[in-house]
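Here the structure is laid out as structure tokens; the discussion comes afterwards.
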Amino acid sequence: MSSTSADSGPGLTLPVWVAAAARAAALVLGGSSAPTSVDLRIPAEQGLRRVELHAASLLDGGQKALAISVCDPGDGLDLTRGLEIWVVVSLSSSREGLHIHAGEGVGRLEQNGALCISGFARELLELNLSDLLPVVGGLEVEVVLPRGRELALRTSNSAFGVVEGLALIGTQAEVQTSASPDQLQLARQRLRELTGQRGFAGRLTLVIGENGLDLAQQLGLSEQQPLVKSGNWIGPLLVAAAQSGVRQLLLLGYHGKLIKLAGGIFHTHHHLADARLEVLSALAVQQGLSLESIRALLQTASMEQAWGWLQAHDLKQAMGLWMAMAEAVEGRSEAYLKRYGCTGMRVGAVLFNRERQLRWAGPEGLLMLRDCGVQLHPVAADPGQGPSLR
């Protein structure tokens, strides 16, 4: 059986393929013959979406059912392409309702081991299994991603405290690839709408990705000035903002992403460029760190580990380096704008860590945060937490 079709269409996010396999398994468990496709209800959408299945079957003498779908994220660069999704559904003898479990290859939150699943993904599963509960009773749903653990090593999941596999995240059914031109056009459209509104004061917050957007909203930045999510197309959106009349732009993002701007890399998708530790090491040279420290930073596996190591050895030096990074983001951004003839827009950079705490900012970023009534989260000395290097 094929994993895609003209009916389902390519370009569906991982939660949709998980929900399709879950519904198919539940149908088989309830006595239906193995379906080749299922019709899904999507939150906030009218009608149904047909999604094809790879296989479905009863297991353990009819006590469980397994269904398999194969992820098709559509055109563009996406590591979930061709990913098999196995969902095992069984009757719950002691609990009513729906209970979702992380199987092999599915991401868990490092702090408590809980399944890492977005609100949209959970709602999608509940919406498409709730009508079967009166027939089969309580359901235990285990999601397995056979290659999830391997693929997670190629993501920044661990930077946000997600371990053991891929997170079941997503906020909609259709893929919006952060590296695709379509995503850039949507962001530009949003920018034009905001800057064209009556009373626009020339101030804007540009956030990088869903984590940045969520954090900005929690901090109340959306109440102070408009928000635009950039994805990986940061450079073109900086230029578009300046050309649209923005005079003060606050750039908010994860430090492991924004450091690329400090190295002059303004399209930040990992398929196109990385060089994060190399940029960090160059900044460390400028800050006068010892050769031994620079070598140690280059041996770390991530920006978080680099921060942890340097914080453990010299907190003052660590803070100085990361604040210098934020200042370099501001300087490189303004140089990028001048290259395209854009002057008159101030850029402030604010960086957050894996716990989504505001930690570092450049001089402009500090002023802009102060104007918005937001403060940086203080960093306490904790030498026992830094990872050791050998």
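Residue under question is residue 11, and the condition is that it be out of contact with any helix residue (DSSP H, G or I) (no Cβ under 9 Å at 6 or more places or on another chain) and modelled with pLDDT under 95; does it hold?
Yes; evaluated as a whole, the condition is true for this residue.
Against the condition among the β-branched types (Val, Ile, Thr), under 16 Å from the mean Cα position of the chain (by Cα), modelled with pLDDT under 90 and under 30 Å from residue 94 (Cα atoms), how does residue 169 come out, does it pass?
yes
Just the residues that are among the polar types (S, T, N, Q) and in a strand (DSSP E or B), please, taken from the stretch 42-61.
Selection gives 57 alone.
Could you tell me whether residue 231 is at pLDDT below 85, part of a helix (DSSP H, G or I) and closer than 30 Å to residue 111 by Cα?
no
What number of residues within the stretch 71-97 satisfy the criterion of being surrounded by fewer than 21 Cβ atoms within 10 Å (Cβ to Cβ) and among the aliphatic types (A, V, I, L, M)?
3
Any idea which of (1) assigned by TED's automatic domain parsing to the domain that holds residue 94; (2) in a loop (DSSP other than H, G, I, E, B); (3) among the small types (Gly, Ala, Ser) is the one residue 201 doesn't satisfy?
(1)
Looking at the stretch 101-140 only, could you name the residues that are surrounded by 22 or more Cβ atoms within 10 Å (Cβ to Cβ) and hydrophobic (A, V, I, L, M, F, W, C)?
Correct list: 102, 106, 116, 117, 121, 124, 125, 129, 139.
State which residue is nearest to residue 221 (Cα to Cα) when the search covers only the stretch 343-375 and only residues that are in contact (Cβ under 8 Å) with a residue 40 or more places away in the chain and small (Gly, Ala, Ser).
Only one residue fits best here, namely 373.
Kindly evaluate residue 360 against the criterion of being part of a strand (DSSP E or B), in contact with a strand residue (DSSP E or B) (Cβ under 9 Å, 6 or more places away or on another chain) and not hydroxyl-bearing (Ser, Thr, Tyr).
Yes; evaluated as a whole, the condition is true for this residue.
Out of the stretch 234-276, which residues are at pLDDT 85 or above, closer than 21 Å to residue 324 by Cα and either among the small types (Gly, Ala, Ser) or within 15 Å of the chain's Cα centre (by Cα) (or both)?
235, 252, 253, 254, 255, 256, 257, 258, 262, 263, 264 - these are the residues of the stretch 234-276 that are at pLDDT 85 or above, closer than 21 Å to residue 324 by Cα and either among the small types (Gly, Ala, Ser) or within 15 Å of the chain's Cα centre (by Cα) (or both).
Kindly provide the set of residues from the stretch 326-342 that are touching a residue at least 12 places away in the same chain (Cβ under 8 Å) and part of a loop (DSSP other than H, G, I, E, B), ordered by number.
340, 342, listed by residue number.
Going through 370, 354 one at a time, which residue ends up being out of contact with any Leu (no Cβ under 7 Å at 6 or more places or on another chain) and in a helix (DSSP H, G or I)?
Working: 354 fails: in a helix (DSSP H, G or I).
Exactly one of 370, 354 is out of contact with any Leu (no Cβ under 7 Å at 6 or more places or on another chain) and in a helix (DSSP H, G or I), namely 370.
So which residues in the stretch 297-311 are surrounded by 17 or more Cβ atoms within 10 Å (Cβ to Cβ) and not hydroxyl-bearing (Ser, Thr, Tyr)?
If the condition is that a residue be surrounded by 17 or more Cβ atoms within 10 Å (Cβ to Cβ) and not hydroxyl-bearing (Ser, Thr, Tyr), then 297, 303, 304, 305, 306, 307, 308, 309, 310, 311 are the ones that fit.
The values are calculated or read from the model by the stated rules, or taken from the named source; none is laboratory data. What you see is a predicted model, and the numbers here were worked out from it, not measured in a lab. In this analysis, Cβ positions are derived from the backbone assuming ideal geometry, glycine residues included, and neighbour counts consider all displayed protein chains.
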